[in-house]
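Presented below is the structure to which this report refers.
Only the coordinates and a few stated rules stand behind these numbers; no lab work does. All of these numbers come straight from a predicted model, not from anything done at the bench. Cβ atoms come from the backbone with ideal geometry, glycine included; neighbour counts cover every protein chain shown.
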């Protein structure tokens, strides 16, 4: 029977997101008891992302088998503004009503039919799509701005150094003393141990010894 199915798409792009929590919120929209659940763990932002569950839903919509699609947020469908608007227009064309927990205004707009209401509906979709797209872009910029690069390393905005644990002053002095006494880089690497981030001891690498000796040689020259 045409337009008989009610579906929900629960999309989680990170491990921290929970489809169960999304479904709990969606239940507030009073979906039918025979709601068919589709879950995907794919980005709705990447161009090359393969979204098998979403494509299944889209196919059913174009076959006029879906009467309603429930989502937690419109950005669960697409974060790209243009793609989101195009998809929702497809839903409107094939008689599928879209309900979103975080955009409750859609419930009212779904029942409209005049040309003016269609214009307002499209305008609101454009705005919501832009918000989702802008949010993703700003999040990426915030991550980049949080990084502080200095001569001695890369730091987060909180001042925490990224990368490997720095060699202690005592170990540095030991390496320089061995080098001064004529020990080769290979011999030093076989003798000196350092601690990693988990405080586990291991032999220092030859490249680390070479880098440290070179750094102090340049420093002394200058």
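Of note:
- Working from label points 7 Å from Cα in the Cα-to-Cβ sense, the residue 30 to residue 127 distance is 2.6 nm.
- Projected label points at residue 173 and residue 83, each 7 Å from Cα along the beta carbon direction, are separated by 5.8 nanometres.
- Length gained on full extension, residue 187 to residue 203, computed as 0.36 nm times the residue gap minus the Cα-Cα distance: 4.7 nm.
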